[in-house]
Structure formats: C-alpha cells, structure tokens
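**Q** I have a structure I would like to understand better, so I am pasting it below and will then ask my questions one at a time.
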Amino acid sequence: MYLIKNGTVYTMGKDGVVHTDLLLNDNGKIETLGNDLGEVNATVLDATDKAVIPGFVDAHSHIGGVREDGEDLNELTNPATPEMDAYYGIDPKDKQFKIAIQNGITTSCLTPGSGNVIGGWAIVLKSNEGRIQERLLKHPAALKAAMGINPKGVYSKKGALPMTRMGIAFILRDYLRKVKEYMAKKEAANGDPSKLPPFDLGLEHGIPVLKKEIPLKVHTYMHDMVTVVEIAKEFDILVTIDHAQGASDYYDVLSDSHVHGVIFGPICSGLFAGEGGKIDFECLKGLDDRNVNVCVMTDGPVTPNNLLVYQAGEAVRRGMDPVKALGLITSNPAKIILCEDRVGSIEKGKDADIQIYSALPTKYVDANLETVLINGKVEYKHA
C-alpha cells in the first residue's frame, strides 16, 4: 500500500487538477483521494512540488511483436487475415516493455501490422512483467485494417490483389458484407445447429465490429480517410483513424459519429510522395476543438517510446493547453481503446497506474520522470 503525499494531482477526470494525497490499496487500485486521510499504514511517496499524473496510454503500438529477431504481427500470406490475433504474436518478455515503463507508458494497444487490408484482432496489455493473461486489459480491442501504400506495397510486388486503392476498398467492403451475411444466417438459425453456417473464425472476428462492440482500427493517410468513413457509414460501424497524416484537410469527415477516435502520429514519420506528404500536428488542437476524441501514438518500436510525451509537448507548442495535451496520452487514448473504466485517469476504484514527475511534462521540457507505478506497485524509480 502506498500513500502519495502533497502532490499536484492531474486526475484527467471529473476532479480536474487538485492538490491532494492519493492512497493506493494492496489490490492495485486507487483507494481514495483526499487531504485528511488520517493514520494510514502505507509506504509514503513524497510528491511535494511534483506532478502526479496517470500512466501513459499508447493507443497504437507493436512492441512485443516486432523485435530484432523478426516480427510476428504481419501475416503477409493473404491480404485479408481477420482470423489472426495479436494475442498469439506478443513476446511478454520483450525488452521494449521495460523501456516503455521507463518512459511512463503503462498500457499499450498492441495491434497487427499494416501489410494486409485486414490484419486481425488487437489487444490491450499492461507494460509490467508477467504472463500475457495476467496483464491483459481487453481482448479483442479492435480489428486492424489498412489502406493505401502499405498493402499496395506488399501485394504489388506479388502481382496480386490489391495493387490499387480500388482493390483495397473492394476487399474491405467484401469482407464486411460477408460478416453481415454470416451474422444474418446465425441469427436465422435461432440456435439450431443443423441450420448454422459453417464456422468461420475470420468472419467471427468481424462480428464485434458489426455489433459496434469494438472499432475497425484503420491505418489511414490523407484522402483515404474519406473512403474509410464512407465504408463505416455504409456498414454502420465504428472506426479509428490511425496515423491520420493530413487530418487537418478533413475535419468535416472526421467529425462524423462513426469515427470513434483519431490516433495521430508518430511525429517523426518520414515524408514521402502522395499520401505521406503532410504531417500536420496542428490537427490535434483542431480535432479537439471540434470534440473529436484524439490522441497520439508511438507506433513502437518503429519510433522510440519517449516520443509519446514529446508529441504531447509538440501539441502545446502548436497551441493546445498543457492539461488538454496530457489527455492526448492518458484519458483520450484510454477511451479510444475502450479501457477508460480501468486506466487513463486518477479516480477511485481505477487501476493504480500512476507517475510522479518533477513538473507537468507537457508544459516543462525539463520535467523528469521520477516514479512509475503499475497496479499499485513501483515498477520504475529514477536513481
């Protein structure tokens, strides 16, 4: 049990910013916030003149599945592999999880890669040590899809569908149509095994999307955002727009109710011709001003884990309020990955994933990360 005393607590919840104490219980949860907690048998962490903030949430990452010895999150044998599942591609002992903790990332949405039009299920995992089953927050969290240059680049080399955006849109729409038909047949069977359609794991993985239980998580740049939202409206599903370079040209499109969230970045992505020719960081404030739930990502290990907080700081440089910018890496991504009941804010009953900084990191460039707790256990302490 820990008692964090005298800190400035950025709750990212209904309590806003408060100067208070914070008690974490032995069950890994936030017990209470308050200035008069009485005598408590707990280890004290002094946060005087420091910022106490939620653990960072990375809404788009591949750590654990993309390693120096190869990768296990891109099954490039077919452009549509919805039956794949990131759960089975993650090495829980990958060193990138430790690096994530050292940069304040306590939760990540780990997703299949973008080589296929449909890549499989994404999961949400804590960064602490232990088996995947012990660290799992949500499974599935989304169904991964990809538009544009990534699947084009893979399958053009093979001389196979999809070599064009036409082919990509066809594969995605055809899959969603098949899931819809599969669902209708299952419903019509009314539980009669003799009338059920043959079991299809790939189509089963699409059912939570059609039911709006999870979003379609789509790797998307620039004008492909229009296609994605049109398909979302056609099938009445929720989508997240991942990477989203060029979003400032499509505020009206991204304000549609079928867009569950925009996961922007990473900022150090290289510019390339066409769809990758614009990295418009000002869109973070623009989307937030339009009440679009927006966050940033690392795309780790493609880019370093410390980039998450740097991107939030860059949003401040582009005009966003520092506390709102903190939401880009805490409460906003927690909502987008459907884990806001557990992480992303400091509130009674939520997971005790807490950081102590010397100052608010989205405002002060010299702010140092001093302590990270996951599930109420100290996982990192600056020497």
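**Q** Most mobile of LEU308, LEU326, LEU45 per a Gaussian network model of the chain (Cα springs, under 10 Å)?
**A** The residue that fluctuates most here is LEU45.
**Q** Counting DSSP beta bridges with both partners in the range 56-343, what percentage is antiparallel, nearest 5?
**A** If we restrict to bridges inside the range 56-343, about 35 percent are antiparallel.
**Q** Now for a different question. So, counting K/R as plus one and D/E as minus one, what does the shell of residues with Cβ under 10 Å around GLU230 add up to?
**A** Numbers: positive: ARG173, LYS233; negative: GLU234, ASP256.
Neighbour charge sum, excluding GLU230 itself: 0.
**Q** Amide H of ASP85: which non-local residues (sequence gap of 5 or more, or other chain) have their own amide H closer than 5 Å, using H built in the peptide plane?
**A** Those lying under 5 Å, H to H, from ASP85 are TRP121.
**Q** Past the 27 Å Cα-Cα mark, which pairs from LYS211/LYS285; LYS29/LYS93; LYS217/LYS348; LYS211/LYS324; LYS152/LYS195; LYS126/LYS381?
**A** Listed pairs above 27 Å: LYS211/LYS285; LYS217/LYS348; LYS211/LYS324; LYS152/LYS195.
**Q** Given the convex hull over the Cα atoms of the range 56-343, what projected area results after averaging over all orientations, in nm²?
**A** Convex hull of Cα atoms, orientation-averaged projection: 15.1 nm².
**Q** Can I ask one more? Along the Cα→Cβ direction, 7 angstrom out, place labels at ASP46 and THR164. What is the inter-label distance in nm?
**A** Taking the two extended label points, one gets 6.9 nm.
**Q** I want to verify a result. In a Gaussian network model of the chain, Cα cutoff 10 Å, which of these has the top mean-square fluctuation: MET225, MET297, MET183?
**A** Taking springs between Cα atoms under 10 Å, the residue moving most is MET183.
**Q** Based on Cβ point charges of +1 for Lys and Arg and -1 for Asp and Glu, what charge dipole magnitude is obtained for the chain about its Cα centre, in debye rounded to the nearest 20?
**A** That gives a dipole near 600 debye.
**Q** Taking the highest mean first, how do the peptides 133-141, 330-338 order by number of other beta carbon atoms within 10 angstrom per residue? Walk me through the numbers before you get to the answer.
**A** Values: 133-141: 17.6, 330-338: 26.6.
Taking the mean over residues of other Cβ atoms within 10 Å, the ranking is 330-338, 133-141.
**Q** Turning to a different aspect of this structure: Given the convex hull of the Cα atoms of the range 117-271, what is a quarter of its surface area in nm²?
**A** Averaged projected hull area, Cα only: 11.9 nm².
**Q** OK, next. Of the chymotrypsin sites (Phe, Trp or Tyr not before Pro) in the range 184-273, which ones lie in a loop per DSSP and count no more than 15 other C-beta atoms within 10 Å?
**A** When the chymotrypsin sites (Phe, Trp or Tyr not before Pro) of the range 184-273 are filtered for loop state and at most 15 Cβ neighbours within 10 Å, PHE199, PHE272 remain.
**Q** Long-range amide H contacts for HIS60: which residues qualify at under 5 Å (H placed 1.01 Å from N, peptide plane, sequence gap of 5 or more or a different chain)?
**A** When sequence neighbours closer than 5 places are left aside, the close amide H contacts are CYS109, THR298, ASP299.
**Q** Once amide H atoms are built 1.01 Å from N in the peptide plane, which residues 5 or more positions from ALA145, or in another chain, come under 5 Å H to H?
**A** Sorted by chain and number, the residues that satisfy this are GLY119, LYS217, VAL218, HIS219.
**Q** Same structure, new question: Ranked by Cβ crowding within 10 angstrom, fewest neighbours first, how are VAL309, VAL18, VAL316 ordered? All intermediate terms of the calculation are to be shown ahead of the outcome.
**A** Values: VAL309 24, VAL18 17, VAL316 21.
Ascending number of Cβ neighbours within 10 Å: VAL18, VAL316, VAL309.
**Q** Quickly estimate the mean residue ellipticity at 222 nm for the chain, helices only: each DSSP H run with n ≥ 4 gives -39500 (n - 2.57), and the total goes over all residues, rounded to 500.
**A** -7000 deg cm²/dmol
Read-outs: derived from the displayed coordinates by stated rules, not from any lab. Note that the structure is predicted; figures quoted are calculated from it, not measured. Backbone-built Cβ (ideal geometry, glycine too); neighbour counts: all protein chains shown.
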